[in-house]
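Notes follow the structure.
The values are calculated or read from the model by the stated rules, or taken from the named source; none is laboratory data. None of the values given here were measured: they were computed from a predicted structure. All Cβ positions, glycine included, derive from the backbone under ideal geometry; neighbour counts span all protein chains shown.
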Amino acid sequence: MPSPSHHTQDLRIDSPHGKLFVRIWSPDHQSPSFEEAPFVLFHDSLGCVELWRDFPSKLAAFTGRPVVAYDRLGFGRSDAHPGELTFGFVGDEAERAFPLVMDHLGVTDFIAFGHSVGGGMATHCAARHREHCVALITESAQAFVEDRTLKGIREAKQGFQQDGQIERLMKYHGDKARWVLDAWTETWLSPGFAHWSLKDEVERLDCPVLAIHGELDEFGSALHPQRIAELTDNRSQVLLMEKCGHVPHREKTDQVIQAVGDFLR
């Protein structure tokens, strides 16, 4: 896939609890235009705008659509989160930050693309704002709390106790890094979160769905995309990627972008 030609714009948007950092990638060095529904990217539990790396620019160039990504409150360049995450944090995104970003940018119709827990947030946004959601793409999304997911989180938590590991997070989240790590591990490992699922939201969807998953994903089995597909009947496609782990957009960038382009066509 050729190197993308694109234009980027960074913004900071007010929210009730602090500013949100937003980046827009536009194809072909154009200023942002939302005549066509843009992609809106939802990052994972340790993620942020910067950690999407060159995927958004390639996606914009290949599809000809703008791409919007933002750091959730507490992550990346956004302001600190005011407290602990509630067990409803996945669904809260559709009611709080996401509408603020869309309103500020003047975006009506959108394509939701979410990675890992961001896939759950993208699903909530697609269901809550279904009259404006053109399509939903989930990547490595958890549809329920699986033993494999919890095992992966426990192993990651232990790994972050090693020297230098929290410093890796600080590169992207600054002094918010410890909060970011604890928000992920302690929320998901809490007994109070054990019965969380996307079932109700998936059943409310009214758009085509592409569920991408790596067969070697250490944080979830193929049951997750299959569950999403089962609940949305013939409006869903499942792409199970061979020899791929939890981050298909980084491990198999070109294949993911090609699959998204084919899906939208």
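Brief remarks follow.
- Residue list for the stretch 125-179, restricted to those being among the polar types (S, T, N, Q), assigned to a helix (DSSP H, G or I) and more than 16 Å from His115 (Cα to Cα): Gln158, Gln165
- In the set (1) crowded, with 19+ Cβ neighbours inside 10 Å; (2) in a helix (DSSP H, G or I); (3) at pLDDT 95 or above, Ala61 fails one condition alone, (3).
- Residue among Ala122, Ala127, Ala94 that is surrounded by fewer than 24 Cβ atoms within 10 Å (Cβ to Cβ), within 23 Å of His17 (Cα to Cα) and within 16 Å of the chain's Cα centre (by Cα): Ala94
- Every pair of residues 6+ apart whose Cβ atoms lie under 7 Å, when the first sits in the stretch 28-54 and is within 17 Å of Val256 (Cβ to Cβ) and of a type in the set (Asp, Glu) while the second is outside any loop (DSSP other than H, G, I, E, B) and at pLDDT 90 or above: Asp44/His115; Asp44/Val117; Asp44/Gly118
- Screening Val90, Val101 for residues that are assigned to a helix (DSSP H, G or I), within 20 Å of Trp184 (Cα to Cα) and not small (Gly, Ala, Ser) leaves exactly one candidate, Val90.
- For the stretch 189-198, the condition of being of a type outside the set (Ser, Thr, Tyr), touching a Leu at 6+ places or on another chain (Cβ under 6 Å) and part of a helix (DSSP H, G or I) holds for none of the residues.
- Residue list for the stretch 199-216, filter: of a type in the set (A, V, I, L, M, F, W, C) and either buried (at least 19 other Cβ atoms within 10 Å of the Cβ) or not in a loop (DSSP other than H, G, I, E, B) (or both): Val202, Leu205, Val209, Leu210, Ala211, Ile212
- Taking the criterion of being in a loop (DSSP other than H, G, I, E, B) and not β-branched (Val, Ile, Thr), the residues of the stretch 104-124 that qualify are Gly106, Asp109, Ser116.
- Looking across the stretch 217-265 at every residue that is touching a residue at least 40 places away in the same chain (Cβ under 8 Å) and hydroxyl-bearing (Ser, Thr, Tyr), the one that is surrounded by the fewest Cβ atoms within 10 Å (Cβ to Cβ) is identified as Ser221.
- Here Arg53 clears all of (1) loosely packed, with under 14 Cβ neighbours inside 10 Å; (2) in contact with a Pro (Cβ under 9 Å, 6 or more places away or on another chain) except the condition numbered (2).
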